[in-house]
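What follows is a short report on a single structure.
The values are calculated or read from the model by the stated rules, or taken from the named source; none is laboratory data. In this text, all values refer to a predicted model and were calculated from it rather than measured experimentally. No Cβ is skipped: glycine too gets one built from the backbone with ideal geometry, and neighbour counts run over all protein chains shown. Side chains included, ligands, DNA and RNA excluded: accessible areas come from the protein's heavy atoms. Shrake-Rupley method; radii C 1.70, N 1.55, O 1.52, S 1.80 Å.
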Amino acid sequence: MRTSSFGSKLSVSTVCKHAVLIALGFLAIFPLYWMIVTSLKSDGEIFNSSLLPHHWTLDHYKMAWDSIPMARMLGNSIGVSLLQTVCQVVTSILAAYAFTRWDFRGSSLIYGLIGLTWLVPFQVIMIPNYVVISDFGWRDTLTGLIVPNVVSAFAVMQLYNAFKSFPKALIEAARLDGASDWSILWRTVFPNLKASIASIGILLFITSWNDYFWPLLVTTKMEHSTIQKGLQMFMSSEMNLWGPLMAATTIASLPVLILYLLLQRQIIDSFVKGGLR
């Protein structure tokens, strides 16, 4: 009887947990589904509550593609995100290795200051960065979008923990063999931590892809901006073009969705390893 009662309680508990997970999954997926369905509806159907269009159309995609330089802006977003991610990963690897390899005076203070910069909202440093970019003449350029974001405090802190857990015996063995610090980093440490570094890189790419405020502030010409700013063109104080907006948003979401589908295990592992839940 006790075993049966325990099994019943366990079964009820399992069902409740799965029900909660299904409900949360639905809440996460339904907005994405509604965005895609709305982009395929005709103008007369956009504001109805039907879950599927009665008349399927791709007119909103054509209008969105013709209204803004979609291909150029997608290319800008991909280029900016890739370059920014590479720069952040490289600088983070170098910083994390320095903090864990050498015990120099003030290292704890510097690491603490880096952690504090992560806590500062971007809106606080947005205007000072804008002034510097303007003085260098980098407004309306991809350089102005990338340079202020070549370092990520988040990535430094995450890779610091990964590098700190790396066996020091391997580093000392490589050093006894006559390897330089540069060789130890890229031939000994890096190959063994590629999974952690790749996970951080994926998160950095997604963060860069979703950035909106900085491109909005730095760029004025559409052909020099990213796709996130292009979505604003379908919204105004007078009216919102919901069909083209949903179509453009769907197109803008595709690269990240494809990236997630291909690398979902690495993305999940990055949250688990980093303690982000």
**Message:** Could you compute how much accessible surface THR141 exposes when probed at 1.4 Å, giving the result in Å² to the nearest 10?
**Reply:** 40 Å²
**Fill in**
Here FRET efficiency (C-beta to C-beta, ALA23 to LYS164, R₀ 51 Å, nearest 0.05) is 0.85
**Asked** Once both labels are modelled 7 Å past Cα along the beta-carbon direction, what's the LEU216-GLN264 spacing in nm?
**Response** 3.1 nm
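Note down the relative contact order for the chain as a percent, whole number, built from C-alpha pairs under 8 angstrom at least six residues apart.
This gives 30 percent for the chain.
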**Request:** Starting from the Cα of LYS41, draw a straight line to each of the aspartates and glutamates and keep only those under 15 Å, dropping any in the same chain fewer than 8 residues away.
**Result:** ASP59
**Prompt:** Quick one: how many Å² of LEU58 are accessible to a 1.4 Å probe, rounded to 10?
**Reply:** 120 Å²
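Counting only protein heavy atoms and a 1.4 Å probe, tell me what percentage of region 9-57's accessible area is made up of carbon and sulfur.
C and S fraction of accessible area: 78 percent.
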**Prompt:** At a probe size of 1.4 Å, how large is the accessible area of HIS55, to the nearest 10 Å²?
**Reply:** 120 Å²
**Request:** Pop the C-beta distance of TYR33 and ALA179 into the FRET formula with R0 = 51 Å and round what comes out to the nearest 0.05.
**Result:** 0.45
**Message:** In Å², and per residue, what accessible area does region 80-189 have when probed at 1.4 Å with the other protein chains present?
**Reply:** 59 Å²
**Asked** Dividing the Cα radius of gyration by the Kirkwood radius, what Rg/Rh value follows for region 11-73?
**Response** 1.22
**Request:** Holding the Cα-Cα limit at 30 Å, pick out from LYS62/LYS221; LYS62/LYS194; LYS17/LYS229 the pairs that are longer than that.
**Result:** LYS62/LYS194; LYS17/LYS229
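Restricting to Cα atoms and excluding each atom paired with itself, what does the Kirkwood estimate give for region 108-168 in Å?
That comes to 13.5 Å for region 108-168.
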**Request:** Report, ordered by chain and residue number, the aspartates and glutamates lying within cross-link reach of LYS164, taken as a straight Cα distance under 19 Å and ignoring same-chain residues fewer than 8 apart.
**Result:** ASP103, GLU172, ASP181, ASP269
**Request:** With a 1.4 Å probe and every protein chain kept in, tell me what percent of the accessible surface of region 69-276 is carbon plus sulfur.
**Result:** 66 percent
**Calculated P(r) of the chain - Cα pairs past 37 Å, %** = 32 percent
**Message:** What FRET efficiency comes out for CYS16 versus ASP135 if R0 is 51 angstrom and r is the Cβ-Cβ distance? Round to the nearest 0.05.
**Reply:** 0.30
**3J(HN,Hα) from dihedral phi, region 115-125, Karplus parametrisation 6.51/-1.76/1.60, rounded to Hz, x for glycine, proline** = x, 5, 5, 5, 7, 7, x, 4, 4, 6, 9
**Prompt:** Whats the longest run of the chain with zero chymotrypsin sites (Phe, Trp or Tyr not before Pro) that are DSSP loop and have at most 14 other Cβ atoms within 10 Å?
**Reply:** 105-211
**Asked** About the Cα centre of the chain, what is the dipole size in debye to 20, counting +1 per Lys and Arg Cβ and -1 per Asp and Glu Cβ, all else neutral?
**Response** 1080 debye
